[in-house]
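Shown next, in structure tokens, is the structure this report addresses.
The values are calculated or read from the model by the stated rules, or taken from the named source; none is laboratory data. Predicted, not measured: the structure shown is a model, and the values here were computed from it. All Cβ positions, even for glycine, are placed from backbone atoms using ideal geometry, and neighbour counts span all protein chains on display. Accessible surface is based on the protein model in full, side chains and every heavy atom, while ligands, DNA and RNA are left aside. Shrake-Rupley method; radii C 1.70, N 1.55, O 1.52, S 1.80 Å.
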Amino acid sequence: MPRVVTRFAPSPTGHLHLGGARTAVFNWLLARHFGGTFCLRIEDTDLLRSKQEYTDSILASMRWLGLDWDGEPIYQTQRTDLYNDYVERLLQSGHAYYCDCTPEQVEAMREKARQQGVKPRYDGHCRERGLGPGPGRCVRLKLPASGRVAFDDMVKGPIAVDVAELDDMVIRRADGMPTYNMAVVVDDHEMGLTHIIRGDDHVSNTPKQILLYEALGLDVPRFGHVPMILGKDKQKLSKRHGAKAVIEYEKDGLLPEALVNYLARLGWSHGDQELFTMDELVSYFDGTSLNPSAACFDDVKLAWCNAHFMREMPLEKLCDLVRPFVSQAGLGDLDHERLRPLCVMFRERASDLVGLAESFRPLIVAAKDLAYTEKDTKKHFTKSGGLHLQALAAILAKTPFNAEALEAALNAYVADNGLRFKEVAPPLRTALMGFMGGSHLNEIMAFLGREETLARLERACALCAASPN
Ligand code: GLU
Ligand code: ZN
């Protein structure tokens, strides 16, 4: 197996979003597939916008997604000296030089180039001046006079750029701070990276970074640039498309394995397969089959994917997961004894944990607090509905409260009176649930128990009696 070291390198200027999460997923999968190493680097050099709380939030989202990393995260702000060591190496080897051109001078060079109809760039004014260090002097990389920078992108295939398209980029600013590309190359080398999957907003940085590797005499890792995630309307993904930060999905009761599965499929495929366990993803994802065209985010498909994982997961795990959402919904702290039958009844109907917890409400509140849907009470709480409920109440007062006995009692009532089920079930369902939804009537009643069931029927009977029809 090839040695594989990957990384995720977020800038802590916000919470982890879908695009970043997908980049993390791809790098994590590649490392895990090859039994390699997955590192985390916090690119916190933008001092104005970087915040510790965002770093904490990104790390928490990574943990929640199950994307564990190897070793401690690296912080770029702690490595300025290291970057400067490499800048010194480039100065000493003649691959870099000091430049004292003012921003105005550089802008004038650009303007001149524009007027000549060529690519605006620094014209190499200080290349051969042999300047030493001094205030107001930055350090620039001395690019080769000609040639091409070529690489074979894991996603986009072969990419080549003419050196003439690039200029002697600044690698250390006049204030002594190494620039972004310099820091990234040093880090990626020091961390031993072999593969870098990132958003294609970085594809124009890659030739510059490769020139830095070459000037330093370092091995160049493999790059893969994944296209941005778009909304359904092919526009840049935003809140408008229903996309949220990873922590918001967590709060909304999505399952991390569903989100990882969904993100992995946004830009990668394995035949027609849509649903994968984590183990399957790890075993199939080898860095190939990455799609060079942009994927569109689809919140309906994400919900579908989540519903699948809610159905498939072990019942006890689902109980554990839904429990905090139940208390958050104000339904109290329910133990597994109570949660188990609720999950069995409702897991097939919910697409997230918030919805699942909410679907328990009619069965948790006291009969007197049950909320009715007007449309259903109007339709089903009729005089004849009330007669059925009254008759059923009398039967249920003597029926053992388990699902089998309750089912038999209901069937017998319908059969013995020559009725059809659809005459009896709607008023009963509305009485028990408050609306025409829920699960099997016998299971609902078994869960409620005799007292709560009869209390619901009594309350409904009173409403039926008061009904005009
Ligand atoms: N910090 C950069 C970003 O968040 C990633 C840089 C890279 O992957 O090389 O876009
Ligand atoms: Zn200069």
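Worth pointing out:
Per-residue answers, yes or no, for (1) farther than 16 Å from GLU248 by Cα; (2) buried (at least 22 other Cβ atoms within 10 Å of the Cβ); (3) in contact with a Pro (Cβ under 7 Å, 6 or more places away or on another chain); (4) among the charged types (D, E, K, R):
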{"residue": "ALA31", "(1), (2), (3), (4)": "yes, yes, no, no"}
{"residue": "GLY36", "(1), (2), (3), (4)": "yes, no, no, no"}
{"residue": "ASP56", "(1), (2), (3), (4)": "no, no, no, yes"}
{"residue": "SER61", "(1), (2), (3), (4)": "no, yes, no, no"}
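- Matching residues in region 411-422 - criterion: being open to solvent by 70 Å² or more (accessible area, probe 1.4 Å) and under 22 Å from PHE381 (Cβ atoms): ASN417, ARG420, PHE421, LYS422
- In region 145-158, the qualifying residues are those that are part of a strand (DSSP E or B) and open to solvent by 40 Å² or more (accessible area, probe 1.4 Å), and the one that is farthest from HIS225 (Cα to Cα) is ARG148.
- Near pairs, Cβ below 8 angstrom, 6+ apart or cross-chain, from region 133-148 (without any contact (Cβ under 8 Å) to a residue 24 or more places away in the chain) to any residue that is more than 14 Å from ligand 2 (Cβ to nearest atom) and of a type in the set (A, V, I, L, M): ALA145/VAL163; SER146/VAL163; SER146/ALA164; GLY147/VAL163; ARG148/ALA160; ARG148/VAL161; ARG148/VAL163
- Flag for ARG127 being open to solvent by 60 Å² or more (accessible area, probe 1.4 Å), part of a loop (DSSP other than H, G, I, E, B), at pLDDT 95 or above and within 14 Å of ligand 2 (Cβ to nearest atom): yes
- The listed residue being more than 16 Å from ligand 2 (Cβ to nearest atom), free of Cβ contacts under 8 Å to residues at least 60 places away in the same chain, more than 26 Å from TYR213 (Cβ to Cβ) and of a type outside the set (Lys, Arg), out of GLN105, GLN115: GLN115
- Filter pass, ALA408 being open to solvent by 20 Å² or more (accessible area, probe 1.4 Å), modelled with pLDDT of 95 or more and over 21 Å from ASP369 (Cβ atoms): yes
- So GLY94, is it part of a loop (DSSP other than H, G, I, E, B) and over 30 Å from LEU16 (Cα atoms): yes
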